[in-house]
Amino acid sequence: MIFTDFFKALGQLPDPRFRGVLLKGIGLALGALFGLTFLLVSAIQMFFPETISFPLIGEVDWTRNVVSVGGFFLMIGLSVFLMVPVASAITSFFLDDVAQAVEDESYPGLPVPPPVPFKEALGDTFAFLGTMILLNIVALMLSLLLPFFGFAIFYVLNGYLLGREYFQMVAMRRLGREGAIKMRKAHSMEIWFAGCLMAVPLSFPLINLLVPVLGAATFTHLFHRLSD
């Protein structure tokens with residue numbers, strides 16, 4: 001049944017509302033990462049000393065440029081790592097559009113749910129982003145210590161994170177926060193398994209950018225199936 005939910009979501013990918021959410025998430029993530037890179041290089045240019053004196057060498061006047069270039073390439077490298085979680089976090093602001101598109105297509109006649117307050121959505125987004133980055137760093141360290149279990153750690157962890165985030169987001173639209181938590185706990189294993197399915201595309205560059213949209217759509221179908 002979970003695979004049915006996933007393939008229904010996959011079949012609706014050409015929907016213009018899906019495409020709009022995806023493009024907004026990627027565009028804003030690229031803008032945010034570019035802005036951070038610009039701020040870092042500007043800060044280095046502003047605060048790093050123009051010349052540094054070294055013993056036996058004397059004054060060197062090119063260190064600022066070297067550090068600036070190093071900071072630029074450091075941010076480019078970090079952007080590769082951060083692109084997916086940042087795009088996922090930003091896209092989550094617009095996932096209500098995806099859930100509504102699924103309901104309009106597959107569950108017509110439902111009343112339009114009240115929007116989640118912006119402050120609440122912002123808090124949930126940053127909490128999820130911080131948790132996802134922190135736990136994936138922990139997972140990376142564990143994978144280095146236990147290389148044979150690396151893939152298992154990755155999928156178990158991200159399956160939990162993605163399942164929890166997307167089901168909570170979808171269920172809150174109809175049940176509120178407390179109702180969503182109660183339902184998530186009642187179906188925790190099925191939600192975790194669906195999250196593991198969503199974690200599979202995370203392993204593939206570019207395709208992983210589809211995960212927020214596919215996740216929101218899949219869990220919308222899952223929520224309505226469990227609600228019947």
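Comparison of LEU175, LEU157 shows that the only residue that is within 23 Å of LEU140 (Cα to Cα) and not small (Gly, Ala, Ser) is LEU157. Within the stretch 9-35, the set of residues being among the aliphatic types (A, V, I, L, M) and either in contact with a strand residue (DSSP E or B) (Cβ under 7 Å, 6 or more places away or on another chain) or more than 17 Å from PRO201 (Cα to Cα) (or both) comprises VAL21, LEU23, LEU28, ALA29, LEU30, ALA32, LEU33. Select from the stretch 12-42 the residues that are more than 19 Å from VAL211 (Cα to Cα), of a type in the set (A, V, I, L, M) and open to solvent by less than 40 Å² (accessible area, probe 1.4 Å) and list them in ascending order. Residues satisfying the conditions are LEU33, VAL41. Of all residues in the stretch 1-30, those that are more than 18 Å from HIS224 (Cβ to Cβ) and in contact (Cβ under 8 Å) with a residue 12 or more places away in the chain have Cβ atoms under 9 Å from Cβ atoms of residues that are charged (D, E, K, R) and open to solvent by 90 Å² or more (accessible area, probe 1.4 Å), 6 or more apart or on another chain, in LEU13/ARG19.
Got a sec? Which helices (runs of 4 or more DSSP H) wholly within the stretch 111-228 have at least 2 residues that are open to solvent by 60 Å² or more (accessible area, probe 1.4 Å) and under 20 Å from LYS24 (Cα atoms)? Of the helices (runs of 4 or more DSSP H) lying wholly inside the stretch 111-228, those with at least 2 residues that are open to solvent by 60 Å² or more (accessible area, probe 1.4 Å) and under 20 Å from LYS24 (Cα atoms) span 118-145.
The values are calculated or read from the model by the stated rules, or taken from the named source; none is laboratory data. Because the structure is predicted, anything quoted here is derived from the model rather than measured. Heads up, the Cβs are rebuilt from the backbone with ideal geometry, glycines too, and the neighbour counts pull from every protein chain shown. The protein model used for the area step is the full one, side chains on, heavy atoms only, and it has no ligands, DNA or RNA in it. Shrake-Rupley method; radii C 1.70, N 1.55, O 1.52, S 1.80 Å.
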